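Notes for the one structure printed next.
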Amino acid sequence: MQIIVRLDVMLARRKMKSRELAAAIGITEQNLSLLKSGKVKGIRFETLAKICKELDCQPGDLLEAEV
């Protein structure tokens, strides 16, 4: 099983650019890009909470388990 990051889908739905989200939650665009591509080993709950607050969504909207 692997976890798929659907951040790009939620950004598109909210009509928000990665640059705007990165600035709003206080991380670099490069780190956000790594997260979007799924190339990270983990994410801090604090960062996940900030993303969810900014995009008005739940963690399950951003992460999906693929069997």
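Values quoted throughout were computed directly from the atomic coordinates according to the rules given, and no laboratory measurement underlies them. Predicted model only: the values in this text are computed from it and were never measured. Here the Cβ is made from the backbone with ideal geometry for all residues, glycine too, and neighbour counts use every protein chain on show.
Here are some notes:
- Contact annotation: residue pairs with Cβ atoms under 9 Å, 6 or more positions apart or on different chains, pairing a residue in the stretch 39-55 that is without any contact (Cβ under 8 Å) to a residue 40 or more places away in the chain with a partner that is among the basic types (Lys, Arg), are Glu54/Arg14.
- Failed item, numbered, when Gly38 is tested on (1) over 16 Å from Glu64 (Cα atoms); (2) touching a strand residue (DSSP E or B) at 6+ places or on another chain (Cβ under 6 Å): (1)
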